[in-house]
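Undergrad: Take a look at this one; I'll ask things after.
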Amino acid sequence: MKILFFPFHSQHEVPMKFKFRFIPALLVLFGISLPAFAQGNADAIISYRKNVMKAVGGHTGALFTIVKGGLGDYKDQMLYHAKALHESAKSIPAIYPEGTGTGKTRAKAEIWTEREAFIAVADEMAKAAENLIRIAESGEIREFSQALRPLGKSCKDCHDQFRKRR
């Protein structure tokens with residue numbers, strides 16, 4: 001049994017005028033949907049970025065709590081948090097691609113207009129986190145307390161320069 005999707009003689013026979021009638025409609029459809037898709041993708045990137053930055057805050061907060069709270073029993077967790085911070089810091093420039101500065105974000109335009117400065121601040125965070133890894137591996141919790149300062153400074157510098165206030 002042959003099922004015809006179009007009212008023509010053969011399943012594969014489509015008149016030329018039928019084909020060309022739908023080309024403008026398809027172009028309009030793609031013209032409308034591509035920017036919507038691109039914005040949807042930007043919104044997803046912004047959402048992802050916010051979650052990464054929340055994780056950065058969580059790991060940083062955990063380290064400060066271990067050190068400031070005198071939680072020596074948790075010092076084996078310091079390496080885990082330091083490594084997570086290091087990996088996150090290295091990914092920061094990539095989670096701020098061009099075209100993701102509008103929408104539900106507090107990212108300032110300077111992230112893209114002053115890209116080198118933004119990358120430099122992210123690199124400072126990565127270096128500070130790398131130092132935390134080295135110290136956590138040594139197990140010196142006293143030294144770790146001092147090493148948290150450059151990490152906190154890199155976060156503050158980035159927020160001051162590249163994040164809008166609430």
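The values are calculated or read from the model by the stated rules, or taken from the named source; none is laboratory data. Predicted model only: the values in this text are computed from it and were never measured. Heads up, the Cβs are rebuilt from the backbone with ideal geometry, glycines too, and the neighbour counts pull from every protein chain shown.
Undergrad: Here's a check for you: in the range 109-148, which residue that is surrounded by 12 or more Cβ atoms within 10 Å (Cβ to Cβ) and in contact with a Gly (Cβ under 8 Å, 6 or more places away or on another chain) is farthest from residue 75 (Cα to Cα)?
TA: Applying the filter and picking the extreme gives 112.
Undergrad: How many residues are without any contact (Cβ under 8 Å) to a residue 60 or more places away in the chain, crowded, with 16+ Cβ neighbours inside 10 Å and not aliphatic (A, V, I, L, M) if we restrict to the range 57-73?
TA: Qualifying residue count for the region: 1.
Undergrad: Given (1) crowded, with 19+ Cβ neighbours inside 10 Å; (2) outside any helix (DSSP H, G or I); (3) over 16 Å from the mean Cα position of the chain (by Cα), where does residue 105 come up short, assuming only one miss?
TA: It fails just one condition, (3).
Undergrad: If residue 80 meets every condition in (1) under 30 Å from residue 110 (Cα atoms); (2) free of Cβ contacts under 8 Å to residues at least 12 places away in the same chain; (3) surrounded by 13 or more Cβ atoms within 10 Å (Cβ to Cβ) apart from one, which number is that one?
TA: Here residue 80 clears every test but (1).
Undergrad: So, one more: May I ask you to list the residues in the range 37-51 that are exposed (fewer than 13 other Cβ atoms within 10 Å of the Cβ) and of a type outside the set (Gly, Ala, Ser)?
TA: Correct list: 37, 48, 51.
Undergrad: In addition: Scan the range 153-166 and report the pairs whose first residue is on the phi < 0 side of the Ramachandran plot and whose second residue is among the acidic types (Asp, Glu) and in a helix (DSSP H, G or I), with Cβ atoms within less than 6 Å and a gap of 6+ or a chain change.
TA: That search, which allows pairs on different chains as well, returns 154/124; 162/110.
Undergrad: List every residue pair whose Cβ atoms lie under 9 Å apart, where the two residues are 6 or more positions apart in sequence or sit on different chains, the first residue falls within the range 121-136 and is under 11 Å from residue 82 (Cα atoms), and the second residue, located anywhere, is among the aromatic types (Phe, Trp, Tyr) and at pLDDT below 95.
TA: Listed by first residue and then by second, the contacts come to 132/144; 135/144; 136/144.
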